[in-house]
Amino acid sequence: MARNIQSLERAAAMLRLLAGGERRLGLSEIASALDLAKGTAHGILRTLQAEGFVEQDSASGRYQLGAELLRLGNSYLDVHELRARALVWTDDLARSSGESVHLGVLHQQGVLIVHHVFRPDDSRQVLEVGAMQPLHSTALGKVLSAYDPVAHNEAVEVERKTFTVHTVTDPEDFEGVLDLTRARGYAADVEETWEGIASVAAPIHDRRRMPVGAVGVTGAVERVCRDGELRPELIAAVRDCARAVSRDLGAGRF
C-alpha cells in the first residue's frame, strides 16, 4: 500500500488549521498546534504563501488563508452552478440572436468552454464544450482578462500569439483593449482569432460580485457585424444575458 507524503499531509493540516480559526495565526501558534518544529512549519508556510494559498499580514507577521485557495475552493461549485443557471438564458440568446452561444471560464492560461448552444439552423456544427480558447484575442478571453485579475496576469505574462492580421499582441495596445472592455461592459473579436468570424461577450458575476465567467455569441462576420461594426442589438442581447445569469447567481443589479 502506497504511503502518504508527509509534507503534503502537514500542508493540508496547516490549511485546515487556518480555515478553522477566527483570527490570523502566528508561526509559533501554528507550529505548536501541529506539533512541528518552527523551521519545518515556516518552510511549509513559505511554500503555501508562494503559491497564493496563504497570506502573511505585513504588520503582525501572522498568517491567514490566501485568495488563490479561496478561488480554487469555489471553482467547482462556481462552474457547475454557472452552467446550471445559464442554461435557459443561453438558449434564449441563441434563439434571439440566431448565432451560437458559448459560456467560458478561466482555466490555466486560456478560456475553457463549459457550455455551447448551437446556432438555431440546420447547418452542421461541432460541439465545443471542453475546448480551449486564447485569452488575448477572443471576446470571452478579453472579458475575463479585463475583469478577473488572475486572468489578466495569465494574459499579460504569456506570449500572445498572432492568429490573423487583426490580432492585438502589443502589451500597451492590449491593455488599451481591456480598458475599453471595462468602459463599455463587453468585448469584441472581429477576425482577431479566426478569419471571417466575429464574436461579442460580456462578463458574468456571482453573489460576491466576482467575475466567474463570460458569455458570448459567435458567427460569421457578415451576420454579426453591420457596416464594419458589431450589431448593436447583438451587443444588447449578450449584455442582457450576462446580467440575467449574474442575477440568478445572486449578484443583484449591475
Qualifying positions in segment 174-191 - open to solvent by less than 30 Å² (accessible area, probe 1.4 Å) and either touching a Phe, Trp or Tyr at 6+ places or on another chain (Cβ under 7 Å) or under 13 Å from residue 241 (Cα atoms) (or both) | 185
Segment 111-153, residues that are over 15 Å from the mean Cα position of the chain (by Cα) and outside any loop (DSSP other than H, G, I, E, B) = 116, 117
Residue tally, condition outside any loop (DSSP other than H, G, I, E, B), basic (Lys, Arg) and more than 20 Å from residue 228 (Cα to Cα), over segment 174-216 | 1
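Working only within segment 154-170, note down all residues that are within 19 Å of the chain's Cα centre (by Cα), within 16 Å of residue 189 (Cα to Cα) and of a type in the set (A, V, I, L, M). It would help to see each step written out before you state the result.
Within segment 154-170, the subset within 19 Å of the chain's Cα centre (by Cα) is 154-160.
The next check asks that each one be within 16 Å of residue 189 (Cα to Cα); those that pass are 155, 160.
Answer for segment 154-170, where residues must be within 19 Å of the chain's Cα centre (by Cα), within 16 Å of residue 189 (Cα to Cα) and of a type in the set (A, V, I, L, M): just 155.
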Scan segment 154-173 and give yes if some residue there is in contact with a Ser or Thr (Cβ under 6 Å, 6 or more places away or on another chain), assigned to a helix (DSSP H, G or I), modelled with pLDDT under 95 and open to solvent by less than 40 Å² (accessible area, probe 1.4 Å), otherwise no.
-> yes
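Examine segment 12-24 for a residue that is modelled with pLDDT of 75 or more and part of a loop (DSSP other than H, G, I, E, B), and state whether such a residue exists. Give the steps one after another, and end with the answer.
Of all residues in segment 12-24, those modelled with pLDDT of 75 or more come to 12-19, 24.
Add one more test, that the residue is part of a loop (DSSP other than H, G, I, E, B), and what stays is 24.
Yes, there is a match, as at least one residue in segment 12-24 is modelled with pLDDT of 75 or more and part of a loop (DSSP other than H, G, I, E, B).
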Answer yes or no as to whether residue 41 is touching a helix residue (DSSP H, G or I) at 6+ places or on another chain (Cβ under 8 Å) and in a helix (DSSP H, G or I).
-> yes
Inspect all residues belonging to segment 102-112 and state whether any of them is under 22 Å from residue 235 (Cβ atoms) and touching a Phe, Trp or Tyr at 6+ places or on another chain (Cβ under 8 Å).
-> no
Evaluation of residue 226 against (1) in contact with a Pro (Cβ under 9 Å, 6 or more places away or on another chain); (2) under 16 Å from residue 203 (Cβ atoms); (3) open to solvent by 80 Å² or more (accessible area, probe 1.4 Å) (one fails), failing number = (2)
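Can you confirm whether residue 239 is at pLDDT below 95 and surrounded by fewer than 22 Cβ atoms within 10 Å (Cβ to Cβ)?
The answer is no for residue 239.
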In segment 193-207, the residues that are open to solvent by 10 Å² or more (accessible area, probe 1.4 Å) and within 14 Å of the chain's Cα centre (by Cα) | 203, 205
Output the residues belonging to segment 44-58 that are touching a strand residue (DSSP E or B) at 6+ places or on another chain (Cβ under 8 Å), surrounded by 15 or more Cβ atoms within 10 Å (Cβ to Cβ) and either β-branched (Val, Ile, Thr) or not in a helix (DSSP H, G or I) (or both).
-> 53, 54, 55, 56
Looking at segment 146-153, is at least one residue closer than 19 Å to residue 89 by Cβ and either touching a strand residue (DSSP E or B) at 6+ places or on another chain (Cβ under 9 Å) or at pLDDT 95 or above (or both)?
-> yes
Tell me, please, whether a residue that is at pLDDT below 90 and open to solvent by less than 20 Å² (accessible area, probe 1.4 Å) can be found in segment 87-103.
-> no
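From 83, 119, which residue is modelled with pLDDT of 90 or more and surrounded by fewer than 22 Cβ atoms within 10 Å (Cβ to Cβ)?
On the way: 83 fails: modelled with pLDDT of 90 or more.
Checking each option against the conditions leaves just 119.
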Criterion: more than 22 Å from residue 134 (Cβ to Cβ) and free of Cβ contacts under 8 Å to residues at least 24 places away in the same chain - qualifying residue of 209, 247, 184, 239 = 247
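Among the residues of segment 122-133, are any in contact (Cβ under 8 Å) with a residue 12 or more places away in the chain, β-branched (Val, Ile, Thr) and within 20 Å of residue 236 (Cβ to Cβ)?
From segment 122-133, those in contact (Cβ under 8 Å) with a residue 12 or more places away in the chain are 125, 128-133; that's our starting set.
This time we only want the ones that are β-branched (Val, Ile, Thr), so: 129.
With within 20 Å of residue 236 (Cβ to Cβ) added as a condition, the list becomes none.
So far as segment 122-133 goes, no, none of its residues is in contact (Cβ under 8 Å) with a residue 12 or more places away in the chain, β-branched (Val, Ile, Thr) and within 20 Å of residue 236 (Cβ to Cβ).
The values are calculated or read from the model by the stated rules, or taken from the named source; none is laboratory data. On a predicted model such as this, the values are computed, not experimentally measured, just so you know. All Cβ positions, even for glycine, are placed from backbone atoms using ideal geometry, and neighbour counts span all protein chains on display. Side chains included, ligands, DNA and RNA excluded: accessible areas come from the protein's heavy atoms. Shrake-Rupley method; radii C 1.70, N 1.55, O 1.52, S 1.80 Å.
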